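Visitor: Here it is, the structure, as structure tokens.
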Amino acid sequence: MIYDPDAIRERKRWERERERYPQLAVEIGKLLRRRYQHENHVIRVNDGYYTYHGKDFPTLYAVVMDITGTKEYKRTNQHGDSLKPKRMTGWTVKRFFGLDK
């Protein structure tokens, strides 16, 4: 077996998200459907990742970012040095899938 730290990290992210949103912890192989901006979006739940439009994502948040678009926020450290920008969306997984009601 090959040790892949990226795959292990992504698997842990997937598991944490399913614990955080038990309503979305549906069976592997199921489809999540959402209509957004006059378009139907279908996300397949796989073992350790999600598939949307033929691309694999480690979390639903990553899928939501892909669907809704993202913004880059500039970041600096305590010394004022520039850091890698952070990509975020205004949506949360709960809000996007209507679980905040």
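Computed from the coordinates by the stated procedures, all read-outs in this text should not be read as laboratory data. All of these numbers come straight from a predicted model, not from anything done at the bench. So basically every Cβ, Gly included, is an ideal-geometry build from the backbone, and we count neighbours across all protein chains shown.
Visitor: What number, in percent, do you get for the relative contact order of the chain if the mean sequence gap of Cα pairs under 8 Å and at least 6 apart is divided by its residue count? Please list the in-between numbers first.
Guide: Details: 115 pairs, mean separation 18.4, N = 101.
Relative contact order comes out at 18 percent.
Visitor: At most 11 other Cβ atoms within 10 Å and a DSSP loop assignment: could you name the chymotrypsin sites (Phe, Trp or Tyr not before Pro) in segment 1-69 that fit? Kindly include the intermediate steps, with their values, before the conclusion.
Guide: Numbers: sites: Tyr3, Trp14, Tyr36, Tyr49, Tyr50, Tyr52, Tyr61; in loops: Tyr3, Tyr49.
For chymotrypsin sites (Phe, Trp or Tyr not before Pro) across segment 1-69 that sit outside H, G, I, E and B with at most 11 neighbouring Cβ atoms in 10 Å, the list reads Tyr3.
Visitor: Something else now. Set the bar at 29 Å for Cα to Cα. Now go through Lys55/Lys94; Lys12/Lys84; Lys30/Lys86 and name every pair that lies beyond it. All intermediate terms of the calculation are to be shown ahead of the outcome.
Guide: Numbers: Lys55/Lys94 22 Å; Lys12/Lys84 23 Å; Lys30/Lys86 31 Å.
Those over the limit are Lys30/Lys86.
Visitor: Could you tell me which label, among (i) 8.9; (ii) 6.7; (iii) 12.8, carries the value of mean projected area of the Cα convex hull in nm² calculated for this structure?
Guide: (i)
Visitor: Quote to one decimal, in nm, the extra length available between Asp4 and Asp47 on full extension: 0.36 nm per residue of separation minus the C-alpha distance between them.
Guide: Numbers: separation 43, 0.36 × 43 = 15.48 nm, distance 1.64 nm.
This chain segment gains 13.8 nm when fully extended.
Visitor: Can you figure out the FRET efficiency of Arg20 with Gln78, using R₀ = 30 Å and their beta-carbon distance, to the nearest 0.05? Numbers along the way, then the final one.
Guide: Numbers: r = 29 Å, r/R0 = 0.97.
FRET efficiency, Arg20 to Gln78: 0.55.
Visitor: Using Cα springs under 10 Å in a Gaussian network model of the chain, which residue among Val45, Val64, Val26 shows the largest mean-square fluctuation?
Guide: Val26
Visitor: Something else now. Let's test the formula: R0 of 25 Å, r as the Cβ-Cβ distance of Gln37 and Arg13. What FRET efficiency results, to the nearest 0.05?
Guide: On the way: r = 26 Å, r/R0 = 1.06.
Calculated value: 0.40.
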